[in-house]
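The block underneath contains the structure these notes are about, expressed in structure tokens.
Every read-out reported here was derived from the displayed coordinates using simple, explicitly stated rules and does not represent laboratory data. None of the values given here were measured: they were computed from a predicted structure. Backbone-built Cβ (ideal geometry, glycine too); neighbour counts: all protein chains shown.
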Amino acid sequence: MPETVAFTCDGRAIQAPAGVTLAAALEALGAREGSAGGCAVLRRSVTGEPRGVLCAMGICFECRVTIDGRAHRRACMEIVRAGMDVRTGEVEFAASSLESPGEERIDCDVAVVGGGPAGVAAACRAAEAGARTVLLDEGAAPGGQIYRHLPGHEAPPAARAWLARLAQSGAEIRAGASVFDAERTGASWRLLALGAGAGGVLAVSTRAIVLATGSRELFLPFPGWTLPGVYGAGGAQALWKSGAPLTGRTAVVGGSGPLLLPVAASLAKAGARVAAVVEQAAFPALAAFVLSLGRSPSRIREAVRYRRGFAGTPYRTGTWIAEARGIGRLEGVVLADARGGRRELACDLAAVGWGLTPNTELARLLGCAVESGAVAVDGRQETGVPGVFCAGEPCGVAGVEAAVAEGQIAGAAAGGRIARLEDAWDGRLLTRARDRARAVAVRMHRSFRLRPELARLAREDTLVCRCEDVPLGAVRACSGSREAKLASRAGMGPCQGRVCGPALAFLFGWDSDTVRTPVLPAALGALGFAPAERAPEEEGLG
Amino acid sequence: MVPDVVVVGAGIVGAACADALSAEGLSVLVLESRFCGGGTTAAAMGHVVVMDDSPAQFALTAYSRRLWEDLAPELPASCEDRRTGTLWIAADASELAPLRAKGEAHRAQGVFAEELSEGDLAREEPNLRRGLAGALRVPEDRVVYPPAAARWFLERAERRGARRREGVEVVAIGPGSVRTRTEEIPAGTVVNAAGAAAPLLTPGLAILPRKGHLVITDRYPGFCRHQLVELGYLASAHGAGIERRSASVAFNLQPRATGQMLLGSSREFAGFDGSVNRGIRARMIRRGLAFMPALAGLSAIRTWVGFRPATPDNLPLVGRWPRTRGLFVAAGHEGLGVTTALGTARLAADAILGRESAIDPAPYAPGRLFDDEESHHEEPGARA
């Protein structure tokens, strides 16, 4: 039997396996007859709607709860602790629980932000090159979304090799560290992170930065998409990988892209009944993509293996989830297809992913140029800002192979091992691997291009901004994201436009508004930290 | 058709002017380089407050606050208008005498204000640090959401026939016309309400951008109820020799209608540099924590900066501009543009119509100050 942890939620005693996230543990609260879990309602939105987990990876801020008197904590980013007091619903404020955080300072040569495949590879290469390297990752352990695995279970084989190499590389690993601010300080950079030891601030001074901040799911608004029970596709998978029970649940997986297959396989493996998998792209486009993989048979084998994972479930192309229905929580979805057909399918779990979108917030805060939504880099993965490198998904969504190659290139370059890529012993190999993966990605994006019908799913009263509950009708007349923000509050909530920004870009072609510091919500006490510019005469009173 | 008045700038001041002028039956065209309420107005706190740095400032802020109060029943919910009142906080016993003097001055001029003891203050705002000496409560001060208010003023003007053109950048104001990047627009009368950018269009206006930082938190309904300002705020905000003054911070906390806490404030002269100065922000936050330690645990979600249009004597420039025929100025309100937008709009309308105002307009006459030093006015760069 795995070890269990006891805590309370709204006064109710809960037992959860050690190591699971709070969001995963709370999903068990939604249990109904015949199931081990169901969607949990974790909070009320600003207009009183029930909300549950959506992204399960720290992006959307829908799963905010109050923990030990501290409001607005993301349940998906917290590991259950014995005795924790969790409150859902109204914000409860307990002044006594608020204390100033401690501080910790680190000096290093290379700071890698993000511990997914690109970040792990970058940290390995930088440290192996002799650079003092720190890997900062928001998760409880490095690995990111791709290498994520159930607590107490072994990591997937590809991850195992890299994580073992990381452990021996000499890189310092700081898990649970969320970078919330970054700025240039003379010839070096300072990163500020939360959550390093006892809720303190970690101030990292570094000569170079590798941004490996990954990607997030693209969410598109459609009627009912805010109902608890509607998750991101990757979100549903992440929730299960972080310990949520899915036995007895009926799932529909929909959206677009190769991610839908492993998600469906994961949900089936987790005990859910997968009622349908629907891909918006039309069959010919899909077939062309699969044929183009001829040179990468491993990918085809992988796809076949995933497809076997949910054998017996229909996989429909040219079909999409057009609406989610239910009162208070998901009860069914409406599927629409390219021929104009519509039908309703009962389910209590909809895993909806329209593709991925790069996480460029930190890069933009540092002043790196972003073109077509992706951070611009040179052949050594260096951005236009000297000393700031970027690898993997932020440079354009291209999957794990590109991420591993680019992470190595960036890590080696940032570590000072190679002045020019051509000089590296394996530089040519890495470049080739990167270019091959990027070429596949270009074909993939073409094949899975989102159809224009998807921009018409949302109605005037469908919410586009879930933090501030702003309907589509309130932003339609605006000239861009900044005006929409001021006129309607869209994008002004704690997710800072991470969900509605890319959606509005798809709907209206709007650029995202300027990135504001902190790039992730941070306690005021942490934001008050400024090591270089302490001005004692300004502090205290009198 | 040539409009009676062209208003340059659709911030809170320009929008209020358009509203007041259209109410007088004048035809109004509003030109805005971006969109209504998107500049300093969007960055403003929206504290409608009576300020007593000088008798003229008191007169204009008290008059304007009365106008906001009259308007309150008409304001839509989006303007988030609330009568929060202001608490001017005395940090220690040495500030009690100035606090009492401030209260007496308010009351003597018909503005209600009441002293709170240390105990009263702790009961009113339990999250403040214990041991603060007391406070002056000015209960009729208000809070509004400035960009929404600006939009509402302009929309009301439009319903009376005013026209707006957004995304139109005015590059020069001459007698009888304004010039944009692409055209010459004839105008009998022009109101320069371009805020911090006003001197770029009307050289000689003594206005400098005074940068400020604000931090906003997630929602904590009930954490604080009044707008809280340290009594030392005025010392930080105003005084002589504005150009040489170093950066300053003061405790200023506002409970938004959403339950969010908006924390300020800072003042510095840094041109139009829109970047967040982390050192100043940290000082500003630590100043806040010194008054309200419980703020430390609140989740901050965003920082922004804005550029107050500051004048050397801390009074706005409102009225006829002596150097250009047909040009009126309504700019230079520094941190009080939201408060005084309504009074300014009345003064501007009175000046244009050549009639008497409810308060003496002489202290705000733009002709009292000229700034003919070119070097002060760089082109505005990236704005927050």
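Straight-line cross-link partners of residue A:241 among the lysines, defined as a Cα under 22 Å from its Cα and at least 8 positions apart when in the same chain: A:269.
Whole number please: convex hull volume per residue, Cα atoms of region B:163-231, in Å³. Before the final figure, lay out each step's value.
Working: hull volume 14.3 nm³, N = 69.
Cα-based convex hull of region B:163-231, divided per residue, equals 207 Å³.
Rounded to whole Å, the principal axis extents of the Cα atoms in region B:230-352 read 55, 35, 28, largest first.
For region A:420-488, the pair-distance distribution built from all alpha carbon pairs, in bins 10 Å wide starting at 0, is 17, 24, 18, 18, 18, 5 percent. Compactness of region A:156-222 is given as radius of gyration and Dmax, 15.6, 47 Å, from Cα positions. Any number yet on Rg/Rh for chain A, C-alpha, Kirkwood? Looking at chain A, the ratio lands at 0.95.
Of the residues A:233, A:309, A:213, the one whose Cα sits farthest towards the positive end of the charge dipole of the protein assembly as shown is A:309 (charges of +1 on Lys and Arg Cβ, -1 on Asp and Glu Cβ, taken about the Cα centre).
Here the residues B:118, A:393, B:104, ranked from fewest to most Cβ neighbours within 10 Å of their Cβ, fall in the order B:104, B:118, A:393. Once the C-beta distance of residue A:282 and residue A:371 is scaled by a Förster radius of 30 Å, the resulting FRET efficiency is 0.55 to the nearest 0.05.
Pairwise Cα separations in region B:107-212 fall into 10 Å bins from 0 onward with the following percentages, short to long: 11, 23, 24, 18, 16, 9, 1. Ranked by how many other Cβ atoms sit within 10 Å of their own Cβ, fewest first, the residues B:265, A:188 fall in the order A:188, B:265.
If you take the alpha carbon atoms of region B:41-103 and fit the smallest convex hull around them, that volume is 119 Å³ per residue. Set the Förster distance to 60 Å, then compute FRET efficiency between residue A:104 and residue B:24 from the Cβ-Cβ distance, nearest 0.05. My answer for the efficiency is 0.45.
What do you get for Rg/Rh of chain B when both radii come from the Cα atoms and Rh is the Kirkwood radius?
My calculation puts Rg/Rh at 0.96.
Considered as an equivalent ellipsoid built on the Cα gyration tensor, region A:112-154 has semi-axes of 21, 10, 8 Å, the largest given first.
With the cut-off at 1.5 for a/c, could you classify region B:165-205 from its C-alpha gyration tensor as rounded, prolate or oblate? Verdict is oblate for region B:165-205.
For chain A, adding -39500 (n - 2.57) for each run of n ≥ 4 DSSP H residues and dividing by the number of residues yields -7500 deg cm²/dmol at 222 nm.
Straight-distance candidates among the lysines for linking to residue A:485, with alpha-carbon spacing under 30 Å and chain neighbours fewer than 8 residues away dropped: B:211. Ellipsoid semi-axes for region B:67-154, based on the Cα gyration tensor and the rule √(5λ), read 30, 16, 9 Å when sorted largest first.
Could you check how many percent of all C-alpha pairs in region A:310-415 are farther apart than 22 Å? Before the final figure, lay out each step's value.
Numbers: 2898 of 5565 pairs.
Percent of Cα pairs beyond 22 Å in region A:310-415: 52.
Legend: mean number of C-beta atoms from other chains within 10 angstrom of residue C-beta atoms, peptide A:65-76, equals 2. Each residue, residue A:82 and residue B:183, gets one label point 7 Å from its Cα in the Cβ direction; the gap between the two is 7.6 nm.
Among A:189, A:200, A:131, pick out the residue whose Cα is farthest towards the positive end of the charge dipole of region A:124-212, where Lys and Arg carry +1 and Asp and Glu carry -1 on C-beta, about the Cα centre. Checked the options; the winner is A:131. When only the Cβ of Lys, Arg, Asp and Glu is charged (+1, +1, -1, -1), the dipole of region A:349-445 relative to its Cα centre reaches about 180 debye.
Of all alpha-carbon pairs in the protein assembly as shown, indicate the percentage at a distance above 42 angstrom. All intermediate terms of the calculation are to be shown ahead of the outcome.
On the way: 167001 of 428275 pairs.
Tail fraction, whole percent: 39.
Projecting the Cα atoms of B:173, B:153, B:185 onto the charge dipole of region B:153-194, computed from C-beta unit charges around the Cα centre, puts B:153 farthest toward the positive end.
With a/c under 1.5 counting as rounded, go ahead and sort region B:21-61 into rounded, prolate or oblate using the C-alpha gyration tensor (a ≥ b ≥ c being the square roots of the eigenvalues; past the cut-off, prolate if a/b is larger than b/c, else oblate). Could you put the intermediate results ahead of the total?
Working: a/c = 3.32, a/b = 1.42, b/c = 2.34.
Oblate is the answer for region B:21-61, as a/c is 1.5 or above yet b/c matches or exceeds a/b.
Once you have the Kirkwood Rh of region A:225-311 from its Cα pairs, apply Stokes-Einstein at 4 °C and 1.567 mPa s and quote D in µm²/s. After rounding, the answer is 94 µm²/s.
Connecting C-alpha atoms closer than 10 Å in a GNM of chain B, tell me which of B:362, B:310, B:341 has the biggest fluctuation. Checking each option, the largest mean-square fluctuation is seen for B:362.
Distant-in-sequence amide contacts of residue A:200, defined by a placed amide H-H separation under 5 Å and a gap of 5 or more residues or a different chain, comprise A:102, A:195. Against chain B, whose longest principal axis is taken from its Cα atoms, helix B:55-71 shows a tilt of about 90°. Computed log10 I(q)/I(0) for region B:1-135 at 0.14, 0.16, 0.18 Å⁻¹: -0.84, -0.99, -1.12, from the Debye equation with unit scatterers placed on every C-alpha and solvent omitted. Determine, at each q value in 0.13, 0.16 (inverse angstroms), the log₁₀ of I(q)/I(0) that the Debye formula gives when each Cα of region B:135-180 is one equal point scatterer. Debye output, listed in q order: -0.56, -0.71. Computed extension length for residue A:8-residue A:378: 128.1 nm, one decimal, from 0.36 nm per residue of separation with the Cα-Cα distance subtracted.
Maximal additional length on extending the residue A:343-residue A:385 stretch stands at 10.0 nm, based on 0.36 nm per residue less the C-alpha distance. One chain, two ends: residue A:167 and residue A:443. Fully extended at 0.36 nm per residue, the span grows by 95.8 nm beyond their Cα-Cα distance.
Calculated [222 nm] ellipticity per residue, helices only, for chain B: -8500 deg cm²/dmol; basis is -39500 (n - 2.57) per DSSP H run with n ≥ 4, divided by all residues, nearest 500. In region A:238-378, the convex hull through the Cα atoms has an average projected area of 11.6 nm², a quarter of its surface area.
Computed over region A:360-418, the alpha-carbon pair-distance distribution with 5 angstrom bins reads 4, 22, 32, 25, 14, 3, 0, each value a whole percent.
Charged side chains reduced to their Cβ positions (Lys and Arg at +1, Asp and Glu at -1) give the protein assembly as shown a dipole of some 3080 debye around its Cα centre. Note on A:383, B:41, A:88: ascending count of other Cβ atoms within 10 Å places them as A:88, A:383, B:41, the fewest first.
How large is the dipole of region A:248-353 about the Cα centre if only Lys and Arg carry +1 and Asp and Glu carry -1, each at its Cβ, rounded to the nearest 20 debye?
Working: 15 positive and 7 negative charges, 77 e Å.
For region A:248-353, the charge dipole is close to 380 debye.
Using r as the Cβ-Cβ distance of residue A:451 and residue A:291, and R0 as 30 Å, what FRET efficiency do you calculate, to the nearest 0.05? If you can, show how the numbers build up before the last one.
Values: r = 21 Å, r/R0 = 0.69.
Approximately 0.90, to the nearest 0.05.
Helix B:146-159 and the longest principal axis of the Cα set of chain B meet at an angle near 30°.
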